[in-house]
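The values are calculated or read from the model by the stated rules, or taken from the named source; none is laboratory data. Since the structure is predicted, the reported quantities are computational estimates derived from the model, not experimental observations. Every residue, glycine among them, receives a Cβ derived from its backbone with ideal geometry; neighbour counts consider all protein chains shown. To get the accessible areas, we keep the full protein, side chains included, count just its heavy atoms, and leave off ligands, DNA and RNA. Shrake-Rupley method; radii C 1.70, N 1.55, O 1.52, S 1.80 Å.
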Amino acid sequence: VEKDLVQSIFYLLSDKNFKNVYIEPDSKIAGTYIFENYNSIIVKSLTTKAPLQNVQKISIPKIEKLLVDLFCDKNLLIAYQGNEMISIFKIALSEYEINYSTLLHYSRRRKKEPELKDFLLKNIKVSKNYLL
């Protein structure tokens, strides 16, 4: 969510009796509390210029944002790392039209562009031409 709405959204969800709601948890909190619960809600501030789209007047993340966040938030999304992340990327690239420019721009905003490029080249076998 927008940075200035993090607290408000947290309290709104808590007031609506949602359980296991966390604000920007670190890896210790995630490992201790979040991974133990089947359903957890994590409220995080939105990275500026994150790739979003409007669907029926609701702003939702684009596939490029989801993939970059999966790649960058390793401690928070630990269950989806390793071979699982490789599978997710391969399926996403085969099922969706990925805008590599958007993907790389957002990874640059997250300060992970070189690492993501390396991952895509080595593990997903994406052509270098897409990563220029």
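Given the condition within 21 Å of I23 (Cα to Cα), within 16 Å of the chain's Cα centre (by Cα), at pLDDT 95 or above and of a type in the set (A, V, I, L, M), answer yes or no: does some residue in segment 70-81 qualify? Yes, there is a match, as at least one residue in segment 70-81 is within 21 Å of I23 (Cα to Cα), within 16 Å of the chain's Cα centre (by Cα), at pLDDT 95 or above and of a type in the set (A, V, I, L, M).
Checking the stated criteria, A30 turns out to be modelled with pLDDT under 95 and surrounded by 14 or more Cβ atoms within 10 Å (Cβ to Cβ). For segment 3-27, which positions are open to solvent by less than 100 Å² (accessible area, probe 1.4 Å), under 22 Å from R110 (Cβ atoms) and not aliphatic (A, V, I, L, M)? Once the filter is applied, which keeps residues that are open to solvent by less than 100 Å² (accessible area, probe 1.4 Å), under 22 Å from R110 (Cβ atoms) and not aliphatic (A, V, I, L, M), segment 3-27 yields Y22, E24, P25, D26, S27. Taking residues in segment 106-132 that are closer than 14 Å to E64 by Cα, and partners anywhere that are assigned to a helix (DSSP H, G or I) and among the small types (G, A, S), the pairs with Cβ atoms closer than 9 Å and at least 6 places apart or on different chains are E113/S107; L116/S107; K117/S107.
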